[in-house]
Amino acid sequence: MSSNTTTGTKKKLARRTAPILVNSAEVEIMRALRRQGRISRSEISNITGWSKAKASQKIRSLVNKGYLVEIGEGASQGGRKPRLLRINDQLGYIAGIDIGATSLDIALADVTGLVLQRCSETTDVKLSPESVFGRCSELLLELIQAQGAIPDQILGIGVGVPGPVDFARGVLVAPPLMPEWEDFPIRDFFKKTFVSAFVVVDNDVNIMALGEQRAGDGAGIDHFIFVKIGTGIGAGIISNGKLHRGSDGCAGDVGHICVDKKGPLCSCGNTGCLEAMSAGPAITSKALEAARNGTSPILSQIREVNGGSLRPEDVNAACREGDQAALDIIRDSGKMIGDVLASLVNFFNPSHIFIGGGIANFGNHLLVAIRRAVLQRSLPLATTHLSIKFSRISSNAGVMGAISLALDYLFALEDSPHVIR
Ligand SMILES: [Zn+2]
């Protein structure tokens, strides 16, 4: 396995357990601080509707609990200088874990969401869940050590996994790529090592959508779709500024929309799903065919050098060298993905579609084909203001979203559903 680690600013934190917010006004204050970074006491009065005296008392309580710190005075708006507060970044740490079909990304952040340590590594979800989650724990422990911290200081862990997640129970349900992972108790597994942390589990594309909203160009956009194209295809939906999971947690599972009933068998058991027709494995299998039947001399050469195999990135490399067969394969994928996205556009009317995942690195040929298909098949009104572009934080979207998800629950009420504390 290849791995790389990024080391950030070191700082030692004292606190070992997560304090608990007790009412929804406190939750609102923490949310406002996450959005704005710092706010004044009078803004807190406005947000909560508390009188100045009550706000003062509650702020004191939040400072005593270790949630907030005072950071001096801001600029005067004509009267007295406002006294500013921010989230206490010494409260503890949050971990974000993004597991893709072939890669792991793990980050350690403070409770403001600032990433302090980060690592990534190749993986294979066909391995057992004990093996993959065990490796995640090991890597996280390494990041904690590099930070000079201890495992008890981890207050929350957000985990993204590549399959359908029953969000309320935090388990995978019939994951096509890794059937062995079904019902694996992910939250309990991490709780054994990180006893002070709560653990929240979601689908990998949902956390990418949250990451785009938190740290990417999706910030401030109320209706957008994040599409991940890699080994599989999935979509995360932000509707009215909130992640839409649907009634059972599998909203956005667009990879299994049927494109051609006579198409190849999909990992889900059906035939002709979008994923089986146009994601990474479909691209490589079409490329192998082009290498074998002589339509692509370049792919044939690469296959020989690789010892008989091809990867999606080889198809992209051949395309860059002007190989027509490789270009056709990529354009075909883009067209099929675009046709399905056109239906989503008609159905949901997003203002933006962000595209990420390993295959998204293929660049403009894929994007142009997707755009063309969407514009051709969507209603004019739905595409007047529609923007379709690659996510600029694609490789970071997963971990940023996992951290954001964990922070949502750290700064939530004690009895929040979906979280084991
Ligand atoms: Zn399928």
Given N residues in the stretch 278-329, what is its alpha carbon radius of gyration divided by 2.2 N^0.38 Å? 0.93
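Hey, with R₀ at 25 Å, roughly what FRET efficiency would A53 and E73 work out to, going by the Cβ-Cβ distance, to 0.05?
Result of the calculation: an efficiency of 0.80.
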Set K58/K242; K54/K242; K261/K286; K65/K192; K126/K228 screened for pairs whose C-alpha atoms are more than 23 Å apart: K58/K242; K54/K242; K65/K192
So if a site counts as exposed when it's one of the GluC sites (Glu not before Pro), its DSSP state isn't H, G, I, E or B, and it has at most 15 other Cβ atoms within 10 Å, what's the longest stretch of the chain without one? 1-181
Inter-label distance, nm, simple model (7 Å from Cα along the C-beta direction), V63/S285: 6.4
Over the stretch 211-251, volume per residue of the alpha carbon convex hull, in Å³: 69
How large, in Å, is the chain by the Kirkwood hydrodynamic radius built from its alpha-carbon pairs? 22.8
Anisotropy class of the stretch 224-321 from Cα gyration tensor, a/c 1.5 cut: prolate
Just the number, please: Stokes-Einstein D of the stretch 108-160 in µm²/s, Kirkwood Rh from C-alpha pairs, 10 °C, 1.306 mPa s. 130
With 10 angstrom as the radius, rank M400, M30 by how many other C-beta atoms surround their C-beta, starting from the fewest. M30, M400
Please report, in cubic angstrom per residue, the volume enclosed by the convex hull of the alpha-carbon atoms of the stretch 134-232. 133
Go through the stretch 83-98 residue by residue and turn each phi into a ³J(HN,Hα) via Karplus (6.51, -1.76, 1.60, θ = phi - 60°); whole Hz please, and just put x for glycine and proline. 8, 9, 10, 9, 5, 6, 6, 8, 5, x, 10, 10, 10, x, 10, 10
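Mind giving me the FRET efficiency for T112 and H385? R0 is 30 Å, r the Cβ-Cβ distance, nearest 0.05 is fine. Don't jump to the answer; show the numbers that get you there.
Numbers: r = 33 Å, r/R0 = 1.10.
Computed FRET efficiency for T112 and H385 comes out at 0.35.
Each reported figure results from applying straightforward, stated rules to the coordinates on display, with no laboratory input. All values reported here derive from a predicted model rather than from experimental measurement. Glycine gets a Cβ as well: all are built from the backbone with ideal geometry, and neighbour counts include every protein chain shown.
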